[in-house]
Every structure is written in C-alpha cells, then in structure tokens.
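The values are calculated or read from the model by the stated rules, or taken from the named source; none is laboratory data. Note that the coordinates shown come from a computational prediction; the quantities given were computed from them, not determined experimentally. Every residue, glycine among them, receives a Cβ derived from its backbone with ideal geometry; neighbour counts consider all protein chains shown.
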Amino acid sequence: MIPWIRFEWSTARVADPVVDVAPLILRPATKEDAAVVGRVISSSIAMDSSWSDVTKTLAEKLLAGVHAAFDSVEPPCVVLVHGARVIGASVLDPELASENHLVTGPCVLHEYRNRGFGTSLLHASLEFLKKNGVSTARGCTRSNSVSARFVYPKFGGVSAPLEADPLTAKAE
C-alpha cells in the first residue's frame, strides 16, 4: 500500500503566483463547465502513473466530488482556459472544517503539464479558499504522486502522514 499524506497551508501566507499563465486564463468555473471539468479530471488521473493501481476508484470518488460541487449555485471550482478549451481544473470544498479542501487537487491535461500550470491552479485554489474564509487549507494525496513531490510543497505547504486511505474512508 502506498502511503497518503496531508498537506496544510496557511492561506494568509499565500504569496503571488510563481508562474504567469498569460495568455491562458484562470477563472471561477460556471455551471456550464461541469461536464468538461469532469473530463479534465478523469483524463488527468488516467494519464498519471502514480494513480494507475487505483484509477477507477479514484476517478469515481473525484467525479462524485465534481458532481456535488456543481450542484452549488456557484461551483467551488477554478478552471484554467486556453482559448475556449478548459485544460485544467481544481474542485474545492470551502467548508471550514473539511479534512480535504482540495477535492480533486489541481488537475491539468497531460499535454499541458510541466509548465507550472498545476502550481498556478494550486495558487488560485488557495486564494479561492482564503476568500471563502478558510484560514488553513488541507489537501490529501499519495506520497509518490507528482502533486506531493512538485506542487503541494509550494506556498508553504507542510505535509504529515495520513493513517487512513481516503479512497476507502466512508463519507459521513
């Protein structure tokens, strides 16, 4: 079993974004983005080898989170757009007591990776949570994932091991 870790950030200490994404646009998602956000999340997970042993279970759990988020009047989601195409998304849980505010974490389509867009989505996610009153944001991931090694440590992210596997935990 691959261990999980939880990162925490103080949203008050989130600095300016590291990467300028122009001409791409970071914006809040709209209800009309629901289907494409689901496809971006699914594709992003399917193309990441660190999730290969749990792709189906993870995709089901994340898509349930996407559906729940888009049931809101204003979906708690940030998207990264290239022209008219959504190439990245981060679905969020703005509930103060949430154990995982980064429902999906920053997800970027495979052909757009390694350009700092995941970092920019994380920054936009933390800013969104800060504007919604979250002072300590939390995100869970596997210790061997790209997000754990290269994205989540940014902006002062501090990690600690998780005892339970979030994929097998029952929703309350």
(message) Being closer than 17 Å to Ala34 by Cα and of a type outside the set (Gly, Ala, Ser) is true for just one of Leu167, Leu109. Which residue is that?
(response) Leu109
(request) Check off (1) surrounded by fewer than 22 Cβ atoms within 10 Å (Cβ to Cβ); (2) modelled with pLDDT under 95; (3) in contact with a helix residue (DSSP H, G or I) (Cβ under 7 Å, 6 or more places away or on another chain); (4) of a type outside the set (Phe, Trp, Tyr) for Gly105 and give me the number that stays unchecked. (result) (1)
(request) Please work out which residue is surrounded by the fewest Cβ atoms within 10 Å (Cβ to Cβ), limiting yourself to the stretch 155-168 and to residues that are in a loop (DSSP other than H, G, I, E, B) and in contact (Cβ under 8 Å) with a residue 40 or more places away in the chain. (result) Ala164
(message) Looking only at residues that are aliphatic (A, V, I, L, M) and without any contact (Cβ under 8 Å) to a residue 24 or more places away in the chain in the stretch 12-56, which one is nearest to Phe155 (Cα to Cα)?
(response) Ala22
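Here is a yes/no grid of residues against (1) modelled with pLDDT under 95; (2) within 17 Å of Ser145 (Cβ to Cβ):
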position	(1), (2)
Met1	yes, yes
Asp16	yes, no
Ala35	no, no
Ala68	yes, no
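Yes/no matrix, rows are residues, columns are (1) more than 15 Å from the chain's Cα centre (by Cα); (2) under 16 Å from Leu62 (Cα atoms):
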| site | (1), (2) |
| --- | --- |
| Pro75 | no, yes |
| Val91 | no, yes |
| Ser98 | no, yes |
| Thr104 | no, yes |
| His123 | no, no |
| Asn144 | yes, no |
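Condition check ((1) surrounded by 23 or more Cβ atoms within 10 Å (Cβ to Cβ); (2) of a type in the set (S, T, N, Q); (3) within 23 Å of Leu162 (Cβ to Cβ); (4) touching a residue at least 12 places away in the same chain (Cβ under 8 Å)) across all residues:
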| site | (1), (2), (3), (4) |
| --- | --- |
| Glu74 | no, no, no, yes |
| Arg85 | no, no, no, no |
| Val91 | yes, no, yes, yes |
| Leu126 | yes, no, yes, yes |
(request) For Leu62, work out the one condition from (1) within 20 Å of Ala15 (Cβ to Cβ); (2) at pLDDT below 95; (3) surrounded by 15 or more Cβ atoms within 10 Å (Cβ to Cβ); (4) not basic (Lys, Arg) it doesn't fulfil. (result) (1)
(request) Determine, yes or no, whether Asp71 is more than 15 Å from the chain's Cα centre (by Cα) and in a loop (DSSP other than H, G, I, E, B). (result) yes
(message) Would you confirm, using the coordinates I've provided, whether Gly105 is assigned to a loop (DSSP other than H, G, I, E, B), on the phi > 0 side of the Ramachandran plot and free of Cβ contacts under 8 Å to residues at least 40 places away in the same chain?
(response) no
(message) Looking at the stretch 142-154, can you tell me whether even one residue there is in contact (Cβ under 8 Å) with a residue 60 or more places away in the chain, in a loop (DSSP other than H, G, I, E, B), surrounded by 15 or more Cβ atoms within 10 Å (Cβ to Cβ) and hydrophobic (A, V, I, L, M, F, W, C)?
(response) no
